[in-house]
Amino acid sequence: MYLAEMKGKLSPSEERKEDILTSNVFSFFKYANREIFLYQLIKSLGLDIKPSDAEKAQFDFWPTFEDGTEPDVVIIVGKYYLVFEAKLFSSFGTGIDSTEHQLIREYMGGSLEARNLHKTFKLIAVTAHYSKHKFLEEIADISHKDIIWLNWHQIALLIYKTIENESALDLETYCFAEDLYNLLVMKNLRKYAGKEIRHLISLVYVQAIIV
């Protein structure tokens, strides 16, 4: 799917779908070297896990909670039950009252699932906001909840820095990571990215092979 989207083979409506972006990004963290990439992602959230926890993590895409709420991704890793809700162009929306807010429903459903599994619950909202301040403005009516914010730019930067600094990547994993990074750049989900980025990453990998 990465290459089809990068080469313009998807219709504009398909390219804008958050589900495709969510699938592309979180499938990468599921299938790439977890002890490197998933471990770095979870650590970036301020959560305490070991590389071996990341390797054994369980992924559940678009699960359904008891009330019918469907978060994007659940990752059970180490002592944590993590619910990810990802947005690109759309908002989280609100209902008639605060209890119907999407993040409130996911908070309640996720908390229950975590308690049943004796895990520590965390809700992570992934957005395209450039700053946490803008994100908090959107969820001002429920900002008292313990919600971790992550943006797509941070994910892209994490992938870039890992490619740049991790010498143990095999060629397949490197290419997988490079394709995802370039897709995020193409979708303007990497701040301050220039056309030279791909060349720089490739150069770093070639130098690592030579060394």
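The values are calculated or read from the model by the stated rules, or taken from the named source; none is laboratory data. None of these values were measured; they are calculated from a predicted model. FYI the Cβ positions are ideal-geometry reconstructions off the backbone, even for glycines, and counts take in every protein chain you see. Surface accessibility is based on the protein's heavy atoms, side chains included, excluding ligands, DNA and RNA. Shrake-Rupley method; radii C 1.70, N 1.55, O 1.52, S 1.80 Å.
In segment 57-106, what residues are at pLDDT 85 or above, in a loop (DSSP other than H, G, I, E, B) and surrounded by 12 or more Cβ atoms within 10 Å (Cβ to Cβ)?
Passing the criteria: ALA57, TRP62, PRO63, PHE65, THR69, GLU70, PRO71, ASP72, GLY78, LYS79, LYS87, LEU88.
Do we have SER44 as modelled with pLDDT of 95 or more and more than 25 Å from LYS187 (Cα to Cα) here?
So SER44 fails the test.
Collect the residues in segment 25-54 that are within 12 Å of the chain's Cα centre (by Cα) and either among the acidic types (Asp, Glu) or open to solvent by 10 Å² or more (accessible area, probe 1.4 Å) (or both), keeping them in residue-number order.
SER27, LYS30, GLN40, SER44, LEU45
Output the qualifying pairs, or none if there are none: Cβ atoms under 6 angstrom, residues six or more apart or on different chains, first residue in segment 111-139 and more than 17 Å from GLN58 (Cα to Cα) and without any contact (Cβ under 8 Å) to a residue 40 or more places away in the chain, second residue open to solvent by less than 70 Å² (accessible area, probe 1.4 Å) and assigned to a loop (DSSP other than H, G, I, E, B).
Listed pairs, sorted by first residue: PHE135/HIS129; LEU136/SER143.
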